[in-house]
Every structure is written in C-alpha cells, then in structure tokens.
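Here's the structure, in structure tokens; my notes come after.
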Amino acid sequence: MDEQETEAALVRPFLLRAMPPAERAPTIEEPSADAAIVRSYAITSGRAQGTIHLEIESMLKVTSDGAHAGSLTFERAAVVHLCRTEILSVAELSARLKLPLGVIRVVASDLIVDGLLEAFLPSLGVAEDVDLISRLIEGVRAL
C-alpha cells in the first residue's frame, strides 16, 4: 500500500473493508472489566491468598532453580523473567505486569513453594542501625 492509500484509509476508514485482510493493521482491544476478573480468577485458580503470606513490600528474587526453570505458564514465566534481572517487590511486579496485587501474591507464593523464587522483607529496623545512618550522613556530605 502506498502513501496515498494510507492517507485515504486514515481519512475514510470504510476503505479498509475493501483491503485484503493481510494488508489491514491488526486492532488490539483492551479487555473488558468482566474479562479481567475472569482472567485473574483463572490465573490464581480461584484462590484469594497464597500458601505464603507476602506483603506488598516483600522483595522477590530468583533462586538457582528458578534461573534454570524451563517451561512455565504465562504469568509465572513473566514473574520469574522479571526477577532474574533484578530484585523486585510484589508491588513493582504488579505494576509492571499490570495485574492486581492479589494475583501477584498468589503467583509469587506458588513460585516460592516450588523453589523458584525467594522472598525477604527489607530491613524494618533501619532507624536503629547506627552504622547505616552514619554511612548515609557521610555520603550526603560527600555530595
């Protein structure tokens, strides 16, 4: 299709119907709200909670078994793939994969049980770590 035909197709979209299917640009539609609910239900097998409770700030990283995991289903493979390159929180995974937090919690919990992921919470006693605070002050002064 040349440039004039492309312009004509944009101005008069009904001309697209006359084009052979191979020349038409594919249309991508966003799933409806009902489809998103059904998809979440299917991903988690209807479960609202995983075996292991994960906070939204829980950090996830791939284990050595997970790094060499072969065939995983869609969302499980995406979680393992993202956690291979960097350590991510449950909230970050949810945002990057555009899936609800509850779905990521269940999927990540299953992956932890399978030995493909490892979870840990960031240090909660930061205010009491004098060495860390001293290093931070020195670093700020160095700027």
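The values are calculated or read from the model by the stated rules, or taken from the named source; none is laboratory data. All values reported here derive from a predicted model rather than from experimental measurement. Methodologically, a virtual Cβ is constructed for each residue, glycine included, from the backbone with ideal geometry; neighbour enumeration extends over all protein chains shown.
Numbers below:
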read-out	value
Of residues in region 108-143 being surrounded by fewer than 12 Cβ atoms within 10 Å (Cβ to Cβ) and of a type in the set (V, I, T), the one modelled with the lowest pLDDT	V126
In region 66-79, the residues that are at pLDDT below 85 and surrounded by 13 or more Cβ atoms within 10 Å (Cβ to Cβ)	G66, A69, L72, E75, R76
Pairs where the first residue, in region 107-121, is among the polar types (S, T, N, Q) and the second is surrounded by 17 or more Cβ atoms within 10 Å (Cβ to Cβ) and modelled with pLDDT under 90, C-beta under 8 Å, 6+ apart	S109/G50; S109/L54
Number of positions in region 43-102 that are assigned to a loop (DSSP other than H, G, I, E, B) and either over 10 Å from the mean Cα position of the chain (by Cα) or under 16 Å from A119 (Cα atoms) (or both)	24
Close pairs (7 angstrom Cβ cut-off, 6 or more residues apart or separate chains): buried (at least 20 other Cβ atoms within 10 Å of the Cβ) in region 80-101, among the polar types (S, T, N, Q) anywhere	V90/S58
Any chance R84 is over 15 Å from A67 (Cα atoms) and among the basic types (K, R)	no
Count of residues meeting criterion [touching a helix residue (DSSP H, G or I) at 6+ places or on another chain (Cβ under 9 Å) and either closer than 15 Å to I43 by Cβ or among the basic types (K, R) (or both)] in region 64-89	9
